[in-house]
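I have placed the structure first, in the form of structure tokens, so that the comments after it can refer back to it.
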Amino acid sequence: MAAAATCGTGAGSTASMASEASKSNVTSFQRRGPRASGTDSGGTRLVSIAGTRPSVRNGQLLVSTGLPALDQLLGRILTVIFFFFTEEDKYNIYSPLLFKYFLAEGIISGHTLLIASAKEDPADILQELPAPLLDDNCKKELDKDVYNHKTPESNVKMKIAWRYQLSPKMEIGPVSPSRFGHYYDASKRIPQELIEASKWHGFFLPEKISSPLKVEPCSLTHGYLKLLQFIQNIIYEEGFDGSNPQKKQKNILRIGIQNLGSPLWGDDVCCTETCDNSHSLTKFLYLLRGLLRTSLSACIITMPTHLIQNKAIIARVTNLSDTVVGLESFIGSERETNPLYKDYHGLIHIRQIPRLNNLICDESDVKDLAFKLKRKLFTIEVREFLCFSLQS
Amino acid sequence: MNAPPLSPGGGGQWALTPSGGARGETGHKSEMLDSLLGLGGLMLLRDSVEWEGRSLLKALIKKCALSGGQVHILGCEVSEEEFREGFDSDINNRLVYRDFFRDPLNWSKTGEALPGGPLGALTAMCKRTDPGPVTIAVDSLSWLLLHLPCTTLCQTLHALSRQDSCPGDSFPVGQVRVLGLLHEELHSPGPVGALSSLAQTEVTLGGTMGQASAHILCRRPRQRPTHQTQWFCILPDFSLDLQEGPPVESQAHPDPHTPPVDPMTHLTFNLHLSKKEREARDNLTLPFQFSSEKQQALLRPGLGQATSHIFYEPDAYDDLDQEDPDDDLDI
């Protein structure tokens, strides 16, 4: 059954079925519940939310991560439920960037933001969001970058391995004529008026917790409990879960939680292998997923998995989330000087793709991905190998 | 304990890993300390039994005290007399020392000790209101880690180091410095990793052949981290003397100018093509390539080309009927 997230009315039929029924009059399926005006009644209710697109596969709503390349990689099934990010970036440089892209996409699309952090003030995070690239500048920037990058060898037709010439290439430019996903300039800040026009809520843990000395032995860490209550309040008050339906137009809540699992949240999963509240993190994610499934929201979480000592927890966290992406940067490792990797700043590992209302997931064909932060754009590309790669 | 100075006033040499910046300046003794202290926030001094870090901590404290500003010290591991040894009197007068070595649990109840123990002292420092740069030296973080939960310590240190980033104040960021001494060997990688992810600067002490080195990792916000290795020694009056590293150290770094090893040199087969061979290879028609000649050959079987024959040997059970079974179909 489609999740309740899609239809606030709670009608029994899925959105796709409803649209089919309205388009072709030969079927005898009748839609229960009030029929809104217009021919495709199921469709208008979903499409009316800005920045989203209904998926034809599983009747869910799609939102963009803020990086069209990443949207493509995830098979364009970034649904409005849960989105999880692993932060394996040891020096914490690239994953905050992706975090900010997600939030900036929310501002541009007019979604409500909820930013939670134990390390930085959410207002400061908001100030550092990247500026969007406008349409006319965007094409120029992309063309310039693509031109600089193209080497003569890539134009040579392959003689022996001619079948691979048709292998899918990653497209860098805008993929669809409709504006689903925007490009951002990482070197510029978002204009102040966009921030002021947007609606956002911040959760900064040191302000919410009175004294750090209090250590409560409950099953859920104090910080996580407060955060869950905060999110639940926002969802209820602003009507993201379908309560107060007549009040306002439906909107998406984009939640961003930074550095979950680090000791600053009061969780010692990074400090010891056998910690006292070993289930605190997994419980939190489970409860959060329940909250998100019953509301129109998408969530991004960054987590310092390289600090987590117990690998079983990482496996559990991966299973609890819909999408898991790992970033491995080359800074400080021996790969930085390796000539194979000289064009890139790091590798991207797609560890999990959502499987909502499906039995199998739609995996992308390319698995060997690297990213680089070109002057302004964050691009993801297939890593091109040399045939003889003997490491010295 | 400390190696005798080889060449006082000699030049310092920066030996860099590739991700660091390149600076060829020499002769500035205080430059290392300045660069370490300039970043502010939490500085982690990771030492070990072989290469102790308390003398470097005291050198940093001396530098901070001389440059003005308050210096608070949380002494937990050694006695106050031992810690103050080696400082001259005007520096000693500037240090505010909180002693938790003599009576860590406040059993004597003299009323002098601060309530809440060392954590209470740190928390009280979070709430300070007087302006000006402040340096807080913790000797040592290992002692605190063994007595407090790691999360509490991390949260308190984070609250301390971000105290000055309030936008309303006019103080620049970096007014609060926390210097923490951490004995790496005492802890599992978990707490060490947690603390190092909080630190803005990390100094790992090591060395070879009697010479101490400091591997410095600076994390500036939103910039790439820089690595540097600096050879030094500490003089008896806790001033720092930079030194050149031992000669064998320079060979440890890969020379970026040597050409990469050609992988095709010692093979038993030949991978190189001569010009003639290359031309012959280019002229070769590959079997699956569908060129126009092949297309013509297939469409029009030429004279020399034999059409295909089928050789069939009938079995005993085969019914050889030459009639076409589809003849009676009426389409």
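Just so it is clear, none of the values below were taken in a lab; they were calculated from the coordinates. Treat the numbers as computed from the prediction; the structure is a model and nothing was measured. Every residue, glycine among them, receives a Cβ derived from its backbone with ideal geometry; neighbour counts consider all protein chains shown.
Less than 13 Å Cβ to Cβ from B:Arg54, Lys/Arg counted +1 and Asp/Glu -1: what total charge do the surrounding residues give? Cβ neighbours under 13 Å give a net charge of -2.
Would you mind getting me the FRET efficiency between B:Leu235 and A:Tyr91? Use the beta-carbon distance for r and R0 = 25 Å, nearest 0.05.
The computed FRET efficiency comes out at 0.15.
The string of couplings for region B:135-140 from the Karplus curve (6.51, -1.76, 1.60, θ = phi - 60°) is 10, 10, 10, 10, 10, 10 Hz, one whole number per residue in order, with x for Gly and Pro.
With both labels modelled 7 Å from their Cα along Cα-to-Cβ, the A:Ala312 to A:Gln249 distance reads 5.0 nm. Listed cross-link partners A:Lys100/B:Lys62; A:Lys100/A:Lys311; A:Lys188/B:Lys58; A:Lys90/A:Lys250 are compared with a 30 Å cut-off, the Cα-Cα value being larger for A:Lys100/B:Lys62; A:Lys188/B:Lys58; A:Lys90/A:Lys250.
Quick check on the exposure proxy: order A:Val269, B:Val78 from fewest to most C-beta atoms within 10 angstrom. Show your work: numbers first, answer last.
Values: A:Val269 31, B:Val78 15.
Ordered from fewest to most neighbouring Cβ atoms within 10 Å, A:Val269, B:Val78 come out as B:Val78, A:Val269.
Which value, in Å to one decimal place, does the Kirkwood hydrodynamic radius take for region A:278-357 when every pair of different Cα atoms is included?
On the way: mean 1/r = 0.0674 Å⁻¹.
So the Kirkwood estimate lands at 14.8 Å.
Backbone geometry of region A:199-206 corresponds, through the Karplus equation with coefficients 6.51, -1.76 and 1.60 at θ = phi - 60°, to 3J(HN,Hα) couplings of 10, 8, 10, x, 10, 10, 4, x Hz, x marking Gly and Pro. Near A:Ser297, the amide H atoms lying under 5 Å from its own belong to A:Leu253; only residues 5 or more places off or on other chains count, and H is placed 1.01 Å from N. Multiplying the residue separation of B:Asp326 and B:Arg300 by 0.36 nm and subtracting their alpha-carbon distance yields 6.5 nm.
Each Cα pair under 8 Å and six or more residues apart adds its separation to the average, and for region B:49-107 the resulting relative contact order is 38 percent.
What's the exposure ranking of A:Ser333, A:Ser297, A:Ser117, going from fewest to most Cβ atoms within 10 Å?
Values: A:Ser333 14, A:Ser297 27, A:Ser117 23.
Placing the least packed residue first, the sequence is A:Ser333, A:Ser117, A:Ser297.
3J(HN,Hα) couplings calculated from phi for region A:294-306 with the Karplus curve 6.51 cos²θ - 1.76 cosθ + 1.60 (θ = phi - 60°) are, in sequence order, 9, 9, 8, 8, 10, 9, 10, 10, 10, 9, x, 5, 6 Hz; Gly and Pro show x. Scanning residues 5 or more positions from B:Gly207 or on other chains, those with amide H under 5 Å from its amide H are B:Ser213, with H placed 1.01 Å from N in the peptide plane.
Going by C-beta contacts inside 10 Å, put B:Trp51, A:Trp200, B:Trp143, B:Trp107 in order with the fewest on the left. Walk me through the numbers on the way to the answer.
On the way: B:Trp51 16, A:Trp200 19, B:Trp143 22, B:Trp107 8.
Fewest-to-most Cβ neighbours within 10 Å comes out as B:Trp107, B:Trp51, A:Trp200, B:Trp143.
To the nearest 0.05, what FRET efficiency results for B:Asn283 and A:Lys342 with a Förster distance of 35 Å applied to their C-beta separation? In this case the efficiency is close to 0.45.
On a full-extension model of 0.36 nm per residue, what is the gain between B:Thr268 and B:Glu80, subtracting their alpha-carbon distance, rounded to one decimal in nm?
Working: separation 188, 0.36 × 188 = 67.68 nm, distance 7.13 nm.
Separation in residues times 0.36 nm, less the Cα-Cα distance, equals 60.6 nm.
Each of A:Phe230 and B:Leu186 was given a label point 7 Å from its Cα along the Cα-to-Cβ line. The distance between the two points is 3.4 nm. Backbone amide hydrogens, once placed in the peptide plane, bring A:Lys188 within less than 5 Å of A:Ala131, excluding anything fewer than 5 places away on its chain.
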